[in-house]
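Note sheet for the following structure.
Every number in this text was worked out from the coordinates using simple rules, so none of it is lab data. Note that the structure is a prediction, hence the values are computed from the model and not measured. As a convention, Cβ positions derive from the backbone with ideal geometry for all residues, glycine included, and neighbour counts pool all protein chains shown.
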Amino acid sequence: MTSLLGALLLPPLNLVLLALAGVLLRRRHPRTGRALVWLAGALLCLLSTPFFADTALRQLEPTPAAPRLNSVQAIVVLGAGTYFEAPEYGASTVDRLGLERVRYAARLHRLTGRPILASGGSPRGGDSSEAAQMRAALQQDFQVPVAWVEEASRTTRENAHRSAAILDANGITRIALVTHAWHMQRASREFELAGLEVVPAATAYTTRRAIDLHTFLPAAGALQRSGWFFHEVIGMLWYRLLPAPAST
């Protein structure tokens, strides 16, 4: 139900529903119906421009800085999704977003030697968890060990509280948290509410070589990035409405 509600609120489905409402209203309220259809089209074009999508994501991202790693006791990397039944690998594995996080976690481990906790369940089903997929990628592809996996979480909030329980049992209170830059604001808040000291270790910042004509032309990838922005904004608002679980 949460996934369905999220899909209804995010582009492009919310824009499709807005346009459909306009079509249905055109007979009885032609002006209102036409206005809704035009509004849906205009928003689709706007959200599909790289300029809007990248500018929006940057509002969520922390200032780029090297993480203060000297005092962290562990590295926590959050799952991002699954590449289901990858034919070239013969099994499900991390998707491209998860791979960006895994790559940076491997780099931080090599710099610090700190143990890694991989956190992520199977929110969309499948025969393996995101945490297990990240562990396989880290150990097999990057030759980096994984000390712990947390495989039951379905949300960022569950990532935080289930990971905190594992870390607390091992005497760990200060972590480097690895996730996408646009996800860091929501993720770090949840891990802090779970009782951990968080050093943000953001990766995959939104960057641009230059502003040119293509920056203002609609593109499918830009619409996806706009979806990430609204997903984060809705997620932050939703978490503020829900009572926070007791910290570990």
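3J(HN,Hα) couplings calculated from phi for region 46-63 with the Karplus curve 6.51 cos²θ - 1.76 cosθ + 1.60 (θ = phi - 60°) are, in sequence order, 5, 5, 8, 8, x, 4, 5, 4, 6, 4, 5, 4, 5, 5, 8, 8, x, 4 Hz; Gly and Pro show x. Under 19 Å from a point 7 Å along the Cα-to-Cβ line of residue 174: which residues of region 51-89 have their amide N that close? From region 51-89, the list is 65-77. Between residue 39 and residue 112, residue separation times 0.36 nm minus the direct Cα-Cα distance comes to 21.2 nm.
Over the chain, what is the relative contact order in percent, taking alpha-carbon pairs closer than 8 angstrom and at least six residues apart? The value is 25 percent.
Placing one equal scatterer on every Cα of region 162-248 and applying the Debye formula, the log10 ratio I(q)/I(0) at q = 0.11, 0.19, 0.20, 0.25 Å⁻¹ is -0.43, -0.94, -1.00, -1.27.
Report the far tail of the P(r) of the chain, meaning the percent of Cα-Cα pairs longer than 27 Å. Within the chain, distances greater than 27 Å cover 43 percent of Cα pairs. Each of 99, 188, 132 was placed along the dipole of region 74-203 (beta-carbon charges, centred on the mean Cα), and the one lying farthest toward the positive end is 188. For region 74-203, the normalised intensity computed at q = 0.12, 0.18, 0.20, 0.21 Å⁻¹ comes to -0.38, -0.87, -1.09, -1.21 (log10 of I(q)/I(0), Debye sum over alpha carbons, equal scatterers, no solvent).
According to the calculation over all Cα-Cα pairs in region 1-93, the P(r) per 10 Å bin from zero is 13, 21, 26, 23, 11, 5, 1 %. Over the residues of the chain, the helix contribution to mean residue ellipticity at 222 nm works out to -15500 deg cm²/dmol, using -39500 (n - 2.57) for each DSSP H run of at least 4. Taking the Cα centre of the chain as reference, the dipole from Cβ charges on Lys and Arg (+1) and Asp and Glu (-1) amounts to some 920 debye. Averaging the Cα positions of each part gives two centres, and for region 27-84 and region 167-208 these lie 19 Å apart.
Net length available on complete extension from residue 241 to residue 85 is 52.5 nm, with 0.36 nm assigned per residue and the Cα-Cα distance removed. Legend: calculated FRET efficiency, residue 46 to residue 5, from the Cβ-Cβ distance at R0 = 35 Å, rounded to 0.05, equals 0.90. Of the residues 239, 33, 19, the one whose Cα sits farthest toward the positive end of the charge dipole of the chain, with +1 on the Cβ of Lys and Arg and -1 on the Cβ of Asp and Glu, is 33. Note that region 164-179 has calculated 3J(HN,Hα) couplings of 4, 5, 5, 5, 4, 5, 10, x, 9, 10, 10, 10, 9, 9, 9, 7 Hz, one per residue in order, obtained from phi through the Karplus relation 6.51 cos²θ - 1.76 cosθ + 1.60 (θ = phi - 60°); glycine and proline are x. Distance between the pseudo-spin-label points of residue 152 and residue 217 (7 Å out from Cα toward the beta carbon): 5.1 nm.
Between 57, 99, 237, the GNM of the chain built on Cα springs shorter than 10 angstrom shows 237 fluctuating the most. Here region 1-116 is assigned +1 on the Cβ of each Lys and Arg and -1 on the Cβ of each Asp and Glu. Its dipole about the Cα centre then comes out at about 440 debye.
Counting beta carbons within 10 Å around each of 207, 155, 215 and listing the fewest first gives the order 207, 155, 215. Not counting the cut sites, what is the longest span of the chain without trypsin sites (Lys or Arg not before Pro) that DSSP labels loop and that have at most 10 other Cβ atoms within 10 Å? No qualifying site falls inside 29-208, the longest such stretch. As a proxy for reagent exposure, 230, 191 were ordered by neighbouring Cβ count within 10 angstrom, fewest first; the result is 230, 191.
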